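The values are calculated or read from the model by the stated rules, or taken from the named source; none is laboratory data. What you see is a predicted model, and the numbers here were worked out from it, not measured in a lab. Here the Cβ positions follow ideal geometry from the backbone for every residue, glycine too, while neighbour counts run over all protein chains shown.
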Amino acid sequence: MSRAAGDATVVDVWRVALDATRPPSAAALASLEPWEHERAAKFATDTLRHRWLGAHVALRHLLADALGVAPATITYGKGPQGKRFIAAPAAQGLEFNFSDSGDLALVALARGGPIGADIEARRAQPDLAAVAESHFSVEERQALLALDSAEQLAAFYRLWTRKEAYLKALGAGLGYGLGRFAVTMDAEDARLVHVDGDHRVAASWRIAVVAAPEGYEACVAAPWPFAAIRVHDLDVRRLD
Ligand SMILES: CC(C)(COP(=O)(O)OP(=O)(O)OC[C@H]1O[C@@H](n2cnc3c(N)ncnc32)[C@H](O)[C@@H]1OP(=O)(O)O)[C@@H](O)C(=O)NCCC(=O)NCCS
């Protein structure tokens with residue numbers, strides 16, 4: 001794999017296929033930090049544990065490749081609301097964000113500034129209107145509920161992933177206020193619309209949809225004008 005994220009105008013995104021059937025190899029597991037082993041030990045099922053460990057082995061592998069270091073040398077730090085960053089070795093301006101859902105993880109790497117990533121496996125939302133009420137802005141909710149029911153679930157996940165990627169680019173938690181900002185829900189037009197009614201702030205943001213397999217929705221967001229995303233695929237089974 002070539003060394004990625006060398007271009008400050010581009011965001012590199014990996015769709016990582018996870019393996020629920022077995023853990024990563026012992027060699028790959030040896031590269032993880034103690035907190036990763038402790039967290040993995042807490043999962044209730046092997047399926048969840050295998051996916052989570054594979055995703056974190058893949059993340060470490062991709063960061064190490066981008067930095068030109070061994071995976072085991074990377075230590076993460078954690079921002080006040082949980083956003084991880086590279087604490088050691090020197091990050092060389094490399095920013096990343098990670099998301100996982102179902103059998104996929106999403107890793108975004110950037111050198112132009114902060115980045116947020118979100119992937120969600122679509123699930124039926126029997127309480128869609130109530131979730132929209134608690135998670136979406138007034139205009140997002142109205143636009144969503146005005147759609148035919150057949151279109152609502154896909155639009156719901158477009159809104160959700162765009163909002164979450166925005167929050168994750170900021171490194172903010174849910175306490176930031178999900179109704180303070182609005183994103184578009186059109187499949188072809190992914191944008192931040194406003195923050196606290198300010199449309200000028202929104203113009204400096206980029207949101208890009210990441211093509212995902214059937215049943216998934218994914219995107220990245222950044223408060224700087226990346227020119228393009230490059231999408232790559234990685235299967236964790238290839239890391240053994
Ligand atoms: C942590 C959070 C950012 C996302 O959680 P999530 O969807 O369960 O998890 P994801 O798989 O997408 O992302 C988890 C990763 O994001 C990173 N992360 C954690 N907190 C973060 C933050 N505040 N900002 C950016 N990244 C963060 C971490 O790398 C984390 O992985 P780790 O636990 O292995 O370190 C948080 O906002 C949350 O709990 N959200 C709940 C979902 C929600 O209500 N979203 C509203 C959308 S409308």
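Would you mind listing the strands (runs of 3 or more DSSP E) fully within the stretch 152-240 where at least 1 residues are touching a residue at least 60 places away in the same chain (Cβ under 8 Å)?
Ranges flagged: 206-209, 216-222, 228-235.
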message = Criterion first (within 30 Å of Arg123 (Cβ to Cβ) and of a type outside the set (Val, Ile, Thr)) does Gln81 satisfy it?
response = yes
query = Has the stretch 133-145 got any residue that is within 11 Å of the ligand (Cβ to nearest atom), in the same structural domain as Ala211 (by TED's automatic domain parsing), exposed (fewer than 14 other Cβ atoms within 10 Å of the Cβ) and not charged (D, E, K, R)?
reply = yes
ask   = Right, Leu128: of a type outside the set (Gly, Ala, Ser), buried (at least 22 other Cβ atoms within 10 Å of the Cβ) and in contact (Cβ under 8 Å) with a residue 12 or more places away in the chain or not?
value = no
task = Would you point out the residue of the stretch 65-122, among those that are of a type in the set (Asp, Glu) and surrounded by fewer than 20 Cβ atoms within 10 Å (Cβ to Cβ), that is farthest from the ligand (Cβ to nearest atom)?
result = Asp65
key: Residues satisfying the stated conditions in the stretch 159-178, i.e. within 13 Å of the chain's Cα centre (by Cα) and not small (Gly, Ala, Ser)   = Trp160, Thr161, Arg162, Lys163, Glu164, Tyr166, Leu167, Lys168, Leu170
ask   = What helices (runs of 4 or more DSSP H), lying completely within the stretch 1-94, carry at least 1 residues that are in the same structural domain as Pro213 (by TED's automatic domain parsing) and among the polar types (S, T, N, Q)?
value = none
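Quick grid of which residues meet (1) out of contact with any strand residue (DSSP E or B) (no Cβ under 6 Å at 6 or more places or on another chain); (2) closer than 30 Å to Gly54 by Cα; (3) among the hydroxyl-bearing types (Ser, Thr, Tyr); (4) at pLDDT 95 or above:
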| site | (1), (2), (3), (4) |
| --- | --- |
| Asp127 | yes, no, no, yes |
| Ser137 | no, no, yes, yes |
| Leu144 | yes, no, no, yes |
| Ala150 | yes, no, no, no |
| Leu153 | yes, yes, no, yes |
| Tyr157 | no, yes, yes, yes |
| His194 | no, no, no, yes |
| Ala221 | no, yes, no, yes |
| Val231 | no, yes, no, yes |
